[in-house]
Amino acid sequence: MKLNLWCLLLDMRREIRGYREVREAARNWEEYSSDLLGDRDVRSYRQLPLEADPPRHTKFRMALSEFFAAASIQPHSQAFEHLANELLDELDQRPTFDVDRDLVLRYVIGCLGIIYGRPQDCQEWTSWGPDVWTAASYQKGESIKEAEAALRERDFSKDSSRSGATLQAYLDRVFDEAENRLLQGEPDRDIWDFVAGLEIDGVRVNRQEMQGIANVLLAGGRDTVIKLLNTFVWHLVKTPTDVLRLQENLSDLRPAINEVARFVSPLPRMERAPRAFVVGEDSTRQTDEYVLLSFVSANHDRSQWENPNVIDFSRERNAHVAFGFGAHSCLGQNITEIESSAFIRALLPRLNRWSFAKEPEIDWAQAVLEDGSTIMHVNGFTKLEIKISS
């Protein structure tokens, strides 16, 4: 068992914990602001619309809404399921495979290629691995042990695994091309043409804003959706009764996705800046005074759910906060739910032949609940290998 050391960093700042407390803080953006720069060790620009408050947040969110509305994503569902079946057919020919590397990563990236109209980029995006900030290390096959050592000391300068260089080089290239097409008067053909041509209050977005939007599109939901689907596979392989339940009644699929999302809380915590500290440039701010909304504590609040540490597909509808809450709720929630549904539909007929090739190696992290007790929650999988019986 591996204990993820992000918690050692995060515990140094105040956490807001508990279901009601987190929802109230997430809704109260005037007191707990998103006007901050995250990932300060690897980027110098804001993710948009995520790292802005209304009204700026609202304007950018509305400008991007056509790509993220359920009505825009649902027509891709058949293509998502076709992609999943293609990958699964390929893996049927192998005696064993790694769920994360061989299936889920390729599926999530393939879906992004479909949505964004950039299938030609899928191989490059996949080469970055599950997290764009460790792309260079992933490509070289390096471990993240140095990153964990740096986190112990809260010294990102010692973390050689995290870098924004790979993503930056990609963004420079694609936005140079998109801006050139825009100058030539060519029609939009993909997501980057659309972003380069966006106007907010009648003013064309600048390059930094383009990068902020693209960062959300490529980094914002990548590792979290991968984590969600890996957890779903892990649960179904070890719980045949739930496989049978979904095989017999696909109407249970969406509630099941929400239950797994609640359980795993793909983004365990998120930064907010108390209003008193939303002053000046990010480099001059007292970031130690920022707080963390503990979504994982909210989703495991025992006053809200019975046996919250268990995945239970029979739960009544649960208003979890795995996708955030309030004005800054996850922009990609519709993508996550629709691509997850397509993935599980393709997976269900095959699961009776699947078993673990070896005991899964789970990356565990610790979280403190509102009542002061602690839990261990799934932060990811170091190894999740499957064997297929004939």
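Every number in this text was worked out from the coordinates using simple rules, so none of it is lab data. Quantities reported herein were computed from a predicted structural model and do not represent experimental measurements. Because the Cβ atoms are built from the backbone with ideal geometry, glycine has one as well, and the counts that use them run over all protein chains shown.
Remarks
- Residue, farthest from the chain's Cα centre (by Cα), within region 84-99, restricted to residues that are among the acidic types (Asp, Glu) and closer than 18 Å to LYS358 by Cα: ASP92
- Among residues of region 262-305, those that are basic (Lys, Arg), assigned to a loop (DSSP other than H, G, I, E, B) and in contact with a strand residue (DSSP E or B) (Cβ under 8 Å, 6 or more places away or on another chain), counted: 1
- Scanning region 270-306 for residues that are closer than 30 Å to LEU236 by Cβ and surrounded by 23 or more Cβ atoms within 10 Å (Cβ to Cβ) turns up LEU293, SER294, PHE295, VAL296, SER297, ALA298, ASN299, HIS300.
- Taken over region 209-230, the criterion of being over 20 Å from TYR116 (Cα atoms) and either aliphatic (A, V, I, L, M) or surrounded by fewer than 22 Cβ atoms within 10 Å (Cβ to Cβ) (or both) is satisfied by LEU228, LEU229.
- Pair list, Cβ under 7 Å, 6 or more apart: region 334-361 residue free of Cβ contacts under 8 Å to residues at least 24 places away in the same chain, other residue crowded, with 19+ Cβ neighbours inside 10 Å and β-branched (Val, Ile, Thr): none
- Being touching a His at 6+ places or on another chain (Cβ under 8 Å), among the acidic types (Asp, Glu), surrounded by fewer than 24 Cβ atoms within 10 Å (Cβ to Cβ) and under 22 Å from HIS320 (Cα atoms) is a description that applies to ASP242.
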